[in-house]
1. About its Cα centre, what dipole magnitude does segment A:35-130 give when the only charges are +1 on Lys and Arg Cβ and -1 on Asp and Glu Cβ, stated in debye to the nearest 20?
2. Roughly how many debye, to the nearest 20, is the charge dipole of segment B:25-86 about its Cα centre, given +1 on each Lys and Arg Cβ, -1 on each Asp and Glu Cβ, and no other charges?
3. Sequence neighbours fewer than 8 away in the same chain don't count; with that in mind, list the lysines whose C-alpha is under 22 Å from A:Lys51.
4. Within chain B, report the trypsin sites (Lys or Arg not before Pro) that DSSP leaves as loop and that have at most 12 other Cβ atoms within 10 Å.
5. Each label point is 7 Å from the Cα along the Cα-to-Cβ direction; what then is the distance between the points at A:Tyr85 and B:Gln26, in nm?
6. Can you give the calculated 222 nm mean residue ellipticity of the protein assembly as shown, where each DSSP H run of n ≥ 4 adds -39,500 (n - 2.57) and the sum is split over every residue, rounded to the nearest 500 deg cm²/dmol?
7. Using only Cα atoms and rounding to the nearest 10 degrees, what angle (0 to 90) does helix B:68-86 make with the longest principal axis of chain B?
8. Taking only Cα atoms and a 10 Å spring cutoff, compute GNM fluctuations for chain B and point out the largest among B:Val33, B:Val16, B:Val46.
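Every number here is computed from the coordinates shown, using simple stated rules; none is lab data. For clarity, every value in this text was computed on a predicted model and none was experimentally measured. Backbone-built Cβ (ideal geometry, glycine too); neighbour counts: all protein chains shown.
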Amino acid sequence: MKIILHLFFFCSLLSLFACVSPNQRILDSDQSQLQLRQIQSRVFDTADKEKTLRAIIATLQDLNFVIDKADLDLGTVSGTKLDGYSLRMTVSTYPRGKQLVLRANTQYNITPVTDPEPYQQFFAALSRALFLAAQNVD
Amino acid sequence: METGQVIAKIAIIALVGGNMPIDTTQKIRASVVTHPVDSRNTALRVTFQRIVWNENNEISKSERLKDPYLYQEFFDKLSKALFLEAQSL
């Protein structure tokens, strides 16, 4: 009887943990914020926001994304690629002197993409579209 | 709902008694991006995707639509619409 009671107590404790953790840890990330910023950001030698945003739209379309939203004032473009999976990407731009800083964010199904490679590929394609080199953010 | 799937479902039920869900709902997503080429011309790029759900409400397909015919048809309809707009009909 005592064992059953203990087991019951253990199980209810376990279910309690299972309930609490996802809500409390929802803003956790498994990498340092700085590292993720470096992976997702690049600087381009241009101050032309509209031209850059149009290049981002065209690059996403070349990579088979469908554009969901684009906003010139905020400098953001979002798109989704569907191919048996869902890949959503948002690119935001902000000026830094005579340059533009770009940051891309990607989500594969329900998982954020933190691997550097897909971002490198995206920025390489974008560089070709802009005829400008993508530089790392210092 | 595709005829081929219905036939396949009937065949599977008859042969092995199992069930095969049929596609029932689809959502087409289209995105149109325009940009001015010069003072008289506008360039337009359209892209299509679709998400298909089966009768169990599960996503059975999510894909980009590649058929050139679809794009051709869109541009034909758009040309006609622009002509009608210009004539104020």
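1. The calculated dipole for segment A:35-130 is roughly 240 debye.
2. 120 debye
3. A:Lys69, A:Lys98
4. Filter output for chain B: B:Arg40, B:Lys66.
5. 2.4 nm
6. One gets -13500 deg cm²/dmol as the mean residue ellipticity at 222 nm.
7. 40 degrees
8. B:Val16
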